[in-house]
Amino acid sequence: MEKVKAKKHLGQHFLKDESIAQKIADTLNLDGYDEVLEIGPGMGVLTKYLLDKPVNTYVIEIDTESVVYLDENFPKLKGRIISKDFLKYNINEVFDGKQFAIIGNFPYNISTQIVFKALEYRHQIPEFAGMFQKEVAERICEKKGSKAYGILSVLAQAFYEAEYLFTVDENVFIPPPKVKSGVLRLRRKENYTLPCSEKLFFTIVKTAFQQRRKTLRNSLKTLNLSDNLREDAIFDLRPEQLSVEQFVSLTQKIAADGV
């Protein structure tokens, strides 16, 4: 089969630099799991380096043309190509509760949704690595106090250690994107449980950042907090000023208030 043509509506930009593909594959430490899921493999530039590693590599690909190409060119993938949309797929149809890592050169138009979905499966995903639009990769790894710090930063860092690894130039892709790319790695905090209600924590983080310019006293009004609690000094702050630990503390205070 001829090479696959990149499709704009799928956000496809195929990496052509072998050394970068190798470098991304090598970001995984392969500790505590035997299986890896690559999202959006395209023509398999990253896949071939994953197949050299001592793990079972699965790929999930929505583009039927890419699926045919992978099937024809990667016999080692036989029975491990999932022709589905990752965002809509129940990955336990394949992994059935087992631990696995996620990796990929993620389509930029759905990359944040991929992270949110991976967080839903965090109890099974000890490691997550891959390439994003540079700004998104930086946002996920960002610390408090910056305009880039937001929902994605807090929720990812609540459960994972986030590292921004390296930047990738536009000219190593076909077609070249209009932005630089960044590769990151998330490693799950082991034996760690959020010391507050996870559901309430998610609600508070998302509600606070929806009006990020307001103080928490104003952005969290919809939670019907008691006047007494709202006098706490933490409510003078804006969400970007709170670390993950402070969001946990805020959640504990709000839970004690009866929300």
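Checking each residue in the stretch 121-171 for being more than 21 Å from Glu245 (Cα to Cα) and of a type in the set (Asp, Glu) picks out Glu127, Glu135, Asp169, Glu170. Per the listing Ser181, Ser197, the residue uniquely open to solvent by less than 50 Å² (accessible area, probe 1.4 Å) and polar (S, T, N, Q) is Ser181.
Residues that are open to solvent by 50 Å² or more (accessible area, probe 1.4 Å) and in a helix (DSSP H, G or I) within the stretch 224-233 comprise Asp227, Asn228, Arg230, Ala233, listed in sequence order. With respect to the conditions (1) closer than 20 Å to Ile62 by Cα; (2) out of contact with any Ser or Thr (no Cβ under 7 Å at 6 or more places or on another chain); (3) free of Cβ contacts under 8 Å to residues at least 60 places away in the same chain; (4) crowded, with 19+ Cβ neighbours inside 10 Å, Phe132 falls short on a single one, namely (2). Residue count for the stretch 234-259, restricted to those that are open to solvent by 50 Å² or more (accessible area, probe 1.4 Å), in contact (Cβ under 8 Å) with a residue 12 or more places away in the chain, among the acidic types (Asp, Glu) and not in a loop (DSSP other than H, G, I, E, B): 1.
If you take the residues in the stretch 135-168 that are in a loop (DSSP other than H, G, I, E, B) and open to solvent by 10 Å² or more (accessible area, probe 1.4 Å), which one is farthest from Thr47 (Cα to Cα)? Looking at residues that are in a loop (DSSP other than H, G, I, E, B) and open to solvent by 10 Å² or more (accessible area, probe 1.4 Å), I get Gly145.
Checked against (1) open to solvent by 20 Å² or more (accessible area, probe 1.4 Å); (2) under 11 Å from the mean Cα position of the chain (by Cα); (3) more than 25 Å from Val172 (Cβ to Cβ), Ile110 passes all but a single condition, namely (3). Those residues that are β-branched (Val, Ile, Thr) and either open to solvent by less than 70 Å² (accessible area, probe 1.4 Å) or at positive phi (or both), I need them from the stretch 207-223; list them, please. Those that are β-branched (Val, Ile, Thr) and either open to solvent by less than 70 Å² (accessible area, probe 1.4 Å) or at positive phi (or both): Thr207, Thr215. Where helices (runs of 4 or more DSSP H) fall wholly inside the stretch 1-105, the ranges with 3 or more residues that are open to solvent by 30 Å² or more (accessible area, probe 1.4 Å) are 18-25, 64-73, 92-95.
The values are calculated or read from the model by the stated rules, or taken from the named source; none is laboratory data. Just so it is clear, the structure is predicted and the values come from calculations on it, not from any experiment. So basically every Cβ, Gly included, is an ideal-geometry build from the backbone, and we count neighbours across all protein chains shown. Ligands, DNA and RNA are stripped out before the accessible areas are found, and what is left, the full protein with its side chains, is counted by its heavy atoms. Shrake-Rupley method; radii C 1.70, N 1.55, O 1.52, S 1.80 Å.
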